[in-house]
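The values are calculated or read from the model by the stated rules, or taken from the named source; none is laboratory data. The model shown is predicted, which means the values in this text are computed figures rather than measured ones. Methodologically, a virtual Cβ is constructed for each residue, glycine included, from the backbone with ideal geometry; neighbour enumeration extends over all protein chains shown.
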Amino acid sequence: MSKVVILAINAKYVHSSLSAWLLAESVSQYSVLKHDVLVVEANINQSDDNIISQIMAHHPDVIAVSTYIWNAFKLPNLINILRKFLPKVKLIFGGPEASHNVEYWINHGVDFILRGEGENSFPAILDALTNGISPEYISGLCRKEGNGIRINPEIKLNSNFVDPFTETCLDAIKGKIAYIETSRGCPFNCAFCLSGNDAVRFFPIDAVIEQINKLSKADVRIIKFVDRTFNCNAKRTYDLFKYIIGLDTTNKFHFEVAADLFDERTLSLLADAPPGLIQFEAGLQSFFKPTLEASDRKTDLTKAVRNIRTLLQSSNMHIHVDLIAGLPYETLLNFQDSFDQAYAIGAHTLQLGFLKLLHGSAMRENEKSIVCAKEPPYEIISSPWMSASDLKIIKQAEDSLQSTYNKGRFLSVLKYVLTVSKLRPFSLYHALGEAVPKNRMPLEIYSEQIYNFFSNLQGVESDILADCMICDWLSMTKGASMPSFLKIAGRRQVAKLREKAEMTLGRRIRLNEAAVLKSGKGVFVDSKDNDKLSGLYKLYFTDIIY
């Protein structure tokens, strides 16, 4: 019996690894021989020594690792250490980073790489190694052979279905983000992605529903579906949403969707979902037609925008939209237009990503004029359409956007300043990011610097700006000690306001939960009533009796 450690190195502690638990359960189901399999979940913020200690405590004969752009940078050194302390251990790598960069990882000391789906090939290679049989027949196997590298063709799974959510798994992912897949493949072939060129295969819906039911009862932070385009089958999508909406659960469900694929029946169903139950991430990537064509991106943008706005009107779902900077033919000016159009939709989050030329992607193969970093995550450095200085400008805008709007901070301030300054959204966020980089400064200091910067913009009235800032502060911090620059009234006035607030709320509140505005109005926050989507706390406004 071999001792096997399946090592997952996640991007954050709060993440969990679906692939590791799938492989562990596949060994249980499909191995002919008995194997002692343990999943070890680490994260990239741990030291190499700490991760090595976790592994060596189990004295493994085999170590299997799923590789991704977020953990690949740690692996060469880990391989060197493992070769030193466990010279006889067999290293098996899988996942997109190793599968599409085979020669690199074989030359760095990996014994075997398994490309493609591992539910059959991983149990098979463990059986072969334990029996002392050559694993050369295994689907997707890559290994050194003489002076070259043997690469076996992949065989797609037909009917095998593995439920990874055993009691051991559910116990291990408590308090973390849980991941689930209901299909594999993608109907689209976007040139920057690895998920295309593969027909979508749907898992049995009854088995999927059983998994969803398990997770709905689990103690996890959120349930994320990793299906690349969850809503590509209208009837199946409707049926699964209907089941999820009917669950008695406090968990949230997150889906990656193509917004233009929603039909009216599904939109109507989603409008009745409990507030906060469902979250959508809709990739738009660009509004510039030549860029979408060059990226093989097939999207009906008009319909996508209309459907996203319909979803937002229901006020019961968190909506996240994405753009990618650095795609072919999109200049800085073109990207600014894409940003402004995406921002105008009014989604709760506007994520700015930067093009990454992934090994195995069509764009890495075909767009040789794009310069990217040699090390993962292979982010763009420059291109004929986007210079390094252009990308720096976008990163400055991203910094302020991420520190404010995307965190639900200073929303009324941003709305007011955009209205009166007449600046376009991208111009405003770039100017703020350039002038006031966040740099992990305390929120109180960041707030004051934002206030000072916006106060000097044409059209901005400092008193109105201060009132907006006070309201935002109360709403987003539920009464944390207010920065001194916003305290514009004496304790007696605030005490009278607090009396009115306590009469309204029917309970006592802290002094910091009420404030007097420049306008002469009073405002107080209900620290027990926050919006399920934005997380912001409810505000009340009142006249002050002096």
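The table that follows gives values for the structure above.
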{"quantity": "Segments classed as helices (runs of 4 or more DSSP H), wholly inside the range 409-513, with at least 2 members that are buried (at least 17 other Cβ atoms within 10 Å of the Cβ) and assigned by TED's automatic domain parsing to the domain that holds SER534", "calculated": "462-477, 491-505"}
{"quantity": "Residue count, the range 319-349 (criterion: outside any strand (DSSP E or B) and touching a His at 6+ places or on another chain (Cβ under 8 Å))", "calculated": "2"}
{"quantity": "Members of the range 216-238 that are surrounded by fewer than 16 Cβ atoms within 10 Å (Cβ to Cβ) and either over 19 Å from GLY276 (Cα atoms) or not assigned by TED's automatic domain parsing to the domain that holds ASP260 (or both)", "calculated": "ALA234, LYS235"}
{"quantity": "Output for the range 187-217, where each listed residue is hydroxyl-bearing (Ser, Thr, Tyr) and not in a loop (DSSP other than H, G, I, E, B)", "calculated": "SER216"}
{"quantity": "Residue selected from the range 33-60 under the condition in contact (Cβ under 8 Å) with a residue 60 or more places away in the chain and over 31 Å from the mean Cα position of the chain (by Cα), by the criterion farthest from CYS193 (Cα to Cα)", "calculated": "LEU33"}
{"quantity": "Pick from the range 152-189, criterion at pLDDT 95 or above and of a type in the set (A, V, I, L, M, F, W, C), ranking: nearest to SER361 (Cα to Cα)", "calculated": "ILE180"}
{"quantity": "Filtered residue count, the range 121-139, keeping only those that are buried (at least 21 other Cβ atoms within 10 Å of the Cβ) and polar (S, T, N, Q)", "calculated": "1"}
{"quantity": "The range 67-98, subset closer than 22 Å to ASN147 by Cβ and outside any strand (DSSP E or B), residue nearest to the chain's Cα centre (by Cα)", "calculated": "ALA98"}
{"quantity": "Single residue of LEU301, LEU311, LEU247, LEU292 found to be in the same structural domain as ASP340 (by TED's automatic domain parsing), buried (at least 20 other Cβ atoms within 10 Å of the Cβ) and either within 22 Å of ASN334 (Cα to Cα) or in contact with a helix residue (DSSP H, G or I) (Cβ under 6 Å, 6 or more places away or on another chain) (or both)", "calculated": "LEU292"}
{"quantity": "Pair list, Cβ < 7 Å and 6+ apart or interchain, from the range 404-426 residues that are within 19 Å of PRO442 (Cα to Cα) to residues that are small (Gly, Ala, Ser)", "calculated": "GLY408/SER534; GLY408/GLY535"}
{"quantity": "Residue identified as more than 27 Å from ALA98 (Cα to Cα) and in contact with a helix residue (DSSP H, G or I) (Cβ under 9 Å, 6 or more places away or on another chain) among ILE370, ILE381, ILE394", "calculated": "ILE394"}
{"quantity": "Any strands (runs of 3 or more DSSP E) falling wholly within the range 100-168 and containing at least 2 residues that are outside the structural domain of VAL208 (by TED's automatic domain parsing) and acidic (Asp, Glu)", "calculated": "none"}
{"quantity": "Cβ pairs under 9 Å, 6+ apart, first in the range 364-384 and touching a residue at least 60 places away in the same chain (Cβ under 8 Å), second basic (Lys, Arg)", "calculated": "PRO376/LYS356; PRO377/LYS356; TYR378/LYS356; TYR378/ARG364"}
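Table: residues versus (1) in a strand (DSSP E or B); (2) more than 19 Å from THR67 (Cα to Cα); (3) not assigned by TED's automatic domain parsing to the domain that holds ILE81.
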residue	(1), (2), (3)
ALA8	yes, no, no
TYR13	no, no, no
ALA20	no, no, no
LEU23	no, no, no
GLN29	no, yes, no
ILE55	no, no, no
